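Asker: Take a look at this one; I'll ask things after.
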Amino acid sequence: MATAIRGRAINAVQVGRLGLIHEEKKGKPKPGSSTLPAFCGRHGNESSPPSPTTPPARAASLSGMLSRGRCFPAASRIRPLVRAFCDAPPSLQDAASGVPSSQDHTEKVDDVKARPNELDIAIVGGGMVGLAVASNMPLTKHLRVGIIDSNPALKSRNYLKKDVVPDSRVSTITPATISFFRDIGAWDHVQQQRHAFFGKMQVWDYTGLGYTRYSARDVGKEYLGCVVENKVLCNSLLLRLQEENGDIEKMIYPTRLISLALPSKSRQAPTSEAISSGYPPEELNHSNLVKLELSDGQTLYSKLVVGADGSKSNVRQTAGIKTTGWNYPQSAIICTVEHITENDCAWQRFLPSGPIALLPIGDNYSNIVWTMSPEESLRHKSMSPEDFVKSVNNALDFGYGPHPHSGSLDYYMEKLFSDIGGTAASTKECFEIPPKAIGVVSERMAFPLSLKHSHDYVSKRLALVGDAAHTVHPLAGQGVNLGFGDAAALAKVIADGVSVGADFGDISLLKRYENDRKAANVAMAALLDGFQKMYSVDFGPLNVLRAAAFHGAQYISPLKKNIISYAMGDAKWPLFWIFPEKATQPAAPPPFSSLADDSEKTRTAPCASARGREFGRGGEEKGKGMSSSTSSSASPVPPEDDVCSVCHDRFRIPCQANCSHWFCGECIIRVWNHGPAVQPCKCPICRRLINLLVPANVSIDNDDDPQIQHVLGEVQHYNRIFGGTPRSLTQRLQDLPFFIRRLFRELLDPQRTLPLVFRARMIMMVALSAIYVLSPVDILPESVLGLFGFFDDFLVLLIVFLHLAAVYRSLLLYRHGGH
């Protein structure tokens, strides 16, 4: 008998499969369903039950016939398997475990009426992130999604007018978030409402020691970000939901969540013996679902609950998910101010109490985000509009300290790092004064600041997104962008699970979302917390360190580009390193390579005999030389717009002297041959003694040419004679920028490797100097001597750099002098 039952069960399953394949081959899906056959139950497809002639009905009849036999428990185990082929999505795991599939409440499947209080996904919180999760659901038409939020703004269905005063609550969204909105089809609605792009940003410190300017041109983009009102983002997502689903009133539950009960071991699916003894079918359907009780008396059941209800998440607290964090001794005031002219730049100044940001919002309006102590926030919130405007202008101008000015240090910083990864467009931009505010045009709002991070993002049939999972400091405007990243990652995991028929509420599947987002969110939270702590202390050494950070971000172009890429969302991790970016455009030929032609050969320039043979014999060799020179952006090459100061022509076999100037190898050897043979020659430009010549890598790579071999041999001979001569401290200080710059270039060159001994000495020296500079123990204490206390730290750093330069000079002498 058992064998016969198993055979009949297999036949019933095969009937369901054949019917599914048969209907798909027909190509006659029901209206509103583009992928599944007409007999499958589906939310939003209101139709009569399937006719008895359809394969699923025959499977159901077979199941009923078996249940009336003598082996009722065995037949009851077959019924869920038969029903699985008539549900959508086709998940055997859900059906076998008692989880109901998404069905419309007007349909019947196997004579069981789907209930209107059953959801596939219940989103608690109808804010920007919650709506983004709903809008980004690729199978929203085929899943029953509910949004639980009592906010009356969810009833908005029209574009917001642009001629009204902007709201105080705005968000700075990154290009990555804009791409996300484009992907889900909501960006078109944002463009119909107020928004403001900005392509420039200026950040500076109240001490006046430094500033940094960023530009979208630094990374080849059109804009750095876009400032949009929060209500515009919500409205655009609602309009997109309406386009996708028609009437979305059935999706929105205008109420509040009172309690939430997650599935537990005591609520697991009943056994077949319990079913045979008359177990209520409602318990069978709801045993493995999340139970949600709402304030209006409704009770909902859902396969998955998404907590998007903010930093004080009721979902997170009910689920018992612990958090780590603290409250900052700061509050933020937000409002909208008006200018005389339009503002197209984002401004941020770090003050002793916290940063103040001025963000363009369109027309002549800007948004203020000002961080200060709670007591100061109450005072600024209650002061008159005129006094508040004066306070804002003072904080963005001369208040608390002077404007930054460029000095000799900036010149040397720019010269030191000009050859590393190219110069960014904003490096040479001067400090600008922000536009003056002439009035406050919106309500001033204040809210406390905190950092909070959930230990877990997911639990069984539950996931947290946005501020419910993590809350960060608003100084970089990254909070909502992290939330939109969560929404995109969670929707992708759900879509992947549905596409393969998996249970998308299973914790093993939801862990993929947590693993994708948790590390990146922690990195951003830690970085912003570090900035907050570093800029909230007015202490001499920290002020100098902040000034060095501003100078580094301003003049180290690869570092600046990496900062911009991370802030824009293009880079997932804050790897603020100074590796040069790969070229995205074909590299131009080196300016010092020229084609050999008869007219060039007849010229009588000082080095005319070498013309046309700079990098080898003929065009093929020159091509090899160019590929070698452009293979690594860190390889030292002469400036594109420069010429040899001896022959006043383009460089041939270029060599760089220890004074940083470039010459043709043959030209500088000729200069030495015309003087005393026992004395090094002087640079024709700066008149400094040349005691080391370093050929360009492109010349070394083509040393098979006899002419190049001869010139390189002469250079090695020169270095052997004068490379080891004693040098005064003045000469060492003058040569320091040259050696440190070349050392940085070589560290960034992936095709060159420094000797292990040299790397070990360099790491040891840098580590020891950093320990001394950062330790509280000093020979000259700053607490007693003030600024003079930094003299010993400066001497330690200078000695370290001089030592590194001396060791690296020995390495260059070994390479190019035979020592």
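The values are calculated or read from the model by the stated rules, or taken from the named source; none is laboratory data. Just so it is clear, the structure is predicted and the values come from calculations on it, not from any experiment. Please note: Cβ atoms are built from the backbone with ideal geometry, for glycine as well, and neighbour counts cover all protein chains shown.
Asker: Within segment 518-553, take every residue that is charged (D, E, K, R) and either within 21 Å of the chain's Cα centre (by Cα) or assigned to a helix (DSSP H, G or I) (or both) and give me the one that is nearest to R349 (Cα to Cα).
Answerer: Across segment 518-553, the extreme among qualifying residues is R546.
Asker: Please name all residue pairs, on different chains or six or more residues apart, with Cβ atoms under 7 Å, provided the first residue is in segment 311-330 and is within 21 Å of V480 (Cα to Cα) and the second residue is charged (D, E, K, R) and part of a loop (DSSP other than H, G, I, E, B).
Answerer: Going by the 7 Å Cβ cut-off, the qualifying pairs are V315/D309.
Asker: Moving to a separate point now. Among the residues of segment 506-520, is any in contact with a Ser or Thr (Cβ under 7 Å, 6 or more places away or on another chain), surrounded by fewer than 23 Cβ atoms within 10 Å (Cβ to Cβ) and at negative phi?
Answerer: yes
Condition check ((1) free of Cβ contacts under 8 Å to residues at least 60 places away in the same chain; (2) surrounded by 23 or more Cβ atoms within 10 Å (Cβ to Cβ)) across all residues:
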| residue | (1), (2) |
| --- | --- |
| A132 | no, yes |
| P152 | no, no |
| L160 | no, no |
| Y223 | yes, no |
| V228 | yes, yes |
| L239 | no, yes |
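Asker: Among the residues of segment 370-379, is any out of contact with any Gly (no Cβ under 9 Å at 6 or more places or on another chain) and among the β-branched types (V, I, T)?
Answerer: no
Asker: Grab the strands (runs of 3 or more DSSP E) fully contained in segment 294-397, keeping just those with 2 or more residues being more than 27 Å from G225 (Cα to Cα) and in contact with a Phe, Trp or Tyr (Cβ under 9 Å, 6 or more places away or on another chain).
Answerer: Here the list reads 299-307.
Asker: Continuing with this model, one more query. Would you pick out the residues in segment 200-222 that are part of a loop (DSSP other than H, G, I, E, B) and either closer than 19 Å to S536 by Cα or modelled with pLDDT of 95 or more (or both)?
Answerer: Of everything in segment 200-222, those that are part of a loop (DSSP other than H, G, I, E, B) and either closer than 19 Å to S536 by Cα or modelled with pLDDT of 95 or more (or both) turn out to be Y206, T207, G208, L209, G210.
Asker: Regarding Y535, is this residue of a type in the set (S, T, Y), at pLDDT 80 or above, crowded, with 18+ Cβ neighbours inside 10 Å and closer than 23 Å to T177 by Cβ?
Answerer: For Y535, the condition - of a type in the set (S, T, Y), at pLDDT 80 or above, crowded, with 18+ Cβ neighbours inside 10 Å and closer than 23 Å to T177 by Cβ - is not met.
Asker: Tell me yes or no: at least one residue of segment 220-231 is of a type outside the set (S, T, Y), more than 21 Å from A132 (Cα to Cα) and out of contact with any helix residue (DSSP H, G or I) (no Cβ under 9 Å at 6 or more places or on another chain).
Answerer: Yes: one or more hits.
Asker: Shifting gears a bit: Give all pairs with beta carbons closer than 6 Å in which a residue from segment 499-514 that is free of Cβ contacts under 8 Å to residues at least 40 places away in the same chain meets a residue that is crowded, with 16+ Cβ neighbours inside 10 Å and part of a helix (DSSP H, G or I); count only pairs at least 6 apart in sequence or on separate chains.
Answerer: Hits for this filter: L509/G497; R512/V493.
Asker: I've got another one for you. Does segment 486-497 include one or more residues that are assigned to a loop (DSSP other than H, G, I, E, B), of a type outside the set (D, E, K, R) and either at pLDDT below 95 or out of contact with any helix residue (DSSP H, G or I) (no Cβ under 6 Å at 6 or more places or on another chain) (or both)?
Answerer: no
Asker: Exactly one of (1) more than 23 Å from R652 (Cα to Cα); (2) modelled with pLDDT of 80 or more; (3) not hydrophobic (A, V, I, L, M, F, W, C) is unmet by N673. Its number?
Answerer: (1)
Asker: Now, a different point. What number goes with the only condition from (1) buried (at least 16 other Cβ atoms within 10 Å of the Cβ); (2) at pLDDT 90 or above that D363 does not pass?
Answerer: Among (1) buried (at least 16 other Cβ atoms within 10 Å of the Cβ); (2) at pLDDT 90 or above, the lone unmet condition for D363 is (2).
Asker: Additional query: Of all residues in segment 285-329 being basic (K, R) and within 29 Å of the chain's Cα centre (by Cα), which is surrounded by the most Cβ atoms within 10 Å (Cβ to Cβ)?
Answerer: Only one residue tops the list, namely R316.
Asker: Another one. From the residues in segment 627-659 that are among the acidic types (D, E) and at pLDDT 75 or above, which one is surrounded by the most Cβ atoms within 10 Å (Cβ to Cβ)?
Answerer: Here the answer is D649.
Asker: Hey, another quick one. Quick check on segment 159-167. Is at least one of its residues under 20 Å from L241 (Cβ atoms), at pLDDT below 90 and of a type outside the set (A, V, I, L, M)?
Answerer: Scanning segment 159-167 turns up at least one residue that is under 20 Å from L241 (Cβ atoms), at pLDDT below 90 and of a type outside the set (A, V, I, L, M).
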